[in-house]
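Scroll down for the structure; my scribbles are underneath it.
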Amino acid sequence: IHSKNYQKKRNHLSHFNNNKQQQSFQSFSTPTLTPRLFKEEDMEQNNHLSNNLHSTLSSHGLFEDSLGRQKRIKVLNELEELLRNWVDKTLDGSSQKDSSTSHCGSANRATARLIPFGSYRLNVHSSKSDLDVLVLCPSNITRTHFFTTLVDDLKVDKRIKALHPIPGAYTPVITFYMNDISIDLLFARLIHDEKLCMINNSDVNGSRIEKQEENEQINHHNDQNHQNQK
């Protein structure tokens, strides 16, 4: 008798849970539309308030002008060239030179790849913001190389000021100024060098620069519009 009662309760509970799951699934599968945040008649006022906010922030120097943005792009290009020369020189002086070349073929080999991130990558930086960048290196380039041979190259470069390597940090980082722009340089290396070859051979660098120049033209146009409004 007890066994039969237990089985009935179990079947009833199972049927109840199945119904709840079906109801939950139906409630999530039903398409819904979120209400509009603004009505059409409010858009003109919202645009006016947005323009006023932009003008106020610009008057306090929170937006970088076109010359500052061009300078950052130039510093990024020069830093990437410096890092690639460092990687090539380090590989040339090691016994593992051929292994890096074999992944990419004789015409090319894996080398450094500079990737901006943070406020600059999101295009929300100010004129005084630093540049957060990550250098991706081949597998043969180690953390020790980053804090020795690269630091040595940075020390003799006249464009570099206030060099401060932090070898004790969990994330390898070197901070410095390059042409008066503050930079936080982080280090990482890929296990599979062919992934770096794919990046370097796919014209990602050119696409990135073209995108930056396109954004630069848009920002310059916006600067002119706000100057005309004043």
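Read-outs: derived from the displayed coordinates by stated rules, not from any lab. What you are looking at is a predicted structure, and each value in this text was computed from that prediction instead of being measured. We place every Cβ from the backbone using ideal geometry, glycine too, and count neighbours over all the protein chains shown.
Given Lys128/Lys195; Lys71/Lys128; Lys89/Lys128; Lys158/Lys195; Lys74/Lys195; Lys128/Lys161, which pairs have Cα atoms separated by over 23 Å? It would help to have the intermediate numbers written out before the result.
On the way: Lys128/Lys195 34 Å; Lys71/Lys128 13 Å; Lys89/Lys128 33 Å; Lys158/Lys195 33 Å; Lys74/Lys195 26 Å; Lys128/Lys161 16 Å.
Cα-Cα > 23 Å for Lys128/Lys195; Lys89/Lys128; Lys158/Lys195; Lys74/Lys195; rest within.
How high is the relative contact order of the range 104-182, in percent, with contacts defined as C-alpha pairs under 8 Å that are six or more residues apart? Can you show the working numbers first?
Details: 79 pairs, mean separation 17.9, N = 79.
RCO, the range 104-182: 23 percent.
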(request) Kindly write out, for the range 127-135 in residue order, the coupling ³J(HN,Hα) from the Karplus curve 6.51 cos²θ - 1.76 cosθ + 1.60 (θ = phi - 60°), rounded to whole Hz, with x marking Gly and Pro. (result) 5, 9, 6, 7, 9, 9, 9, 10, 9
(request) Kindly provide the chymotrypsin sites (Phe, Trp or Tyr not before Pro) of the range 151-193 that DSSP labels as loop, not H, G, I, E or B, and whose Cβ sees at most 11 other Cβ atoms within 10 Å. (result) Tyr170
(message) Can you work out the Karplus-derived ³J(HN,Hα) for every residue in the range 159-169? Use 6.51 cos²θ - 1.76 cosθ + 1.60 with θ = phi - 60°, whole Hz, and x for glycine or proline.
(response) 6, 9, 10, 6, 6, 9, x, 10, x, x, 6
(request) Pull up all non-local amide H partners of Leu134: gap of 5 or more, or a different chain, and H-to-H distance under 5 Å with H placed in the peptide plane. (result) Ile115, Phe117, Leu186
(request) Name the residues whose placed amide hydrogens come within less than 5 Å of the amide hydrogen of Ala110, ignoring near sequence neighbours (fewer than 5 apart) on the same chain. (result) Cys104
(message) Just to check I understand the Karplus step: with θ = phi - 60° and J = 6.51 cos²θ - 1.76 cosθ + 1.60, what whole-Hz values come out for the range 62-78, glycine and proline as x?
(response) 7, 10, 7, 7, 5, 5, x, 5, 5, 5, 5, 4, 5, 5, 4, 5, 5
(request) With a 10 Å radius around each residue's Cβ, average the other Cβ atoms per peptide and rank 143-156, 69-82, highest first. (result) 69-82, 143-156
(message) Under 5 Å between amide hydrogens, which residues at least 5 positions from Ser182 or on another chain qualify, with H placed 1.01 Å from N in the peptide plane?
(response) Leu131
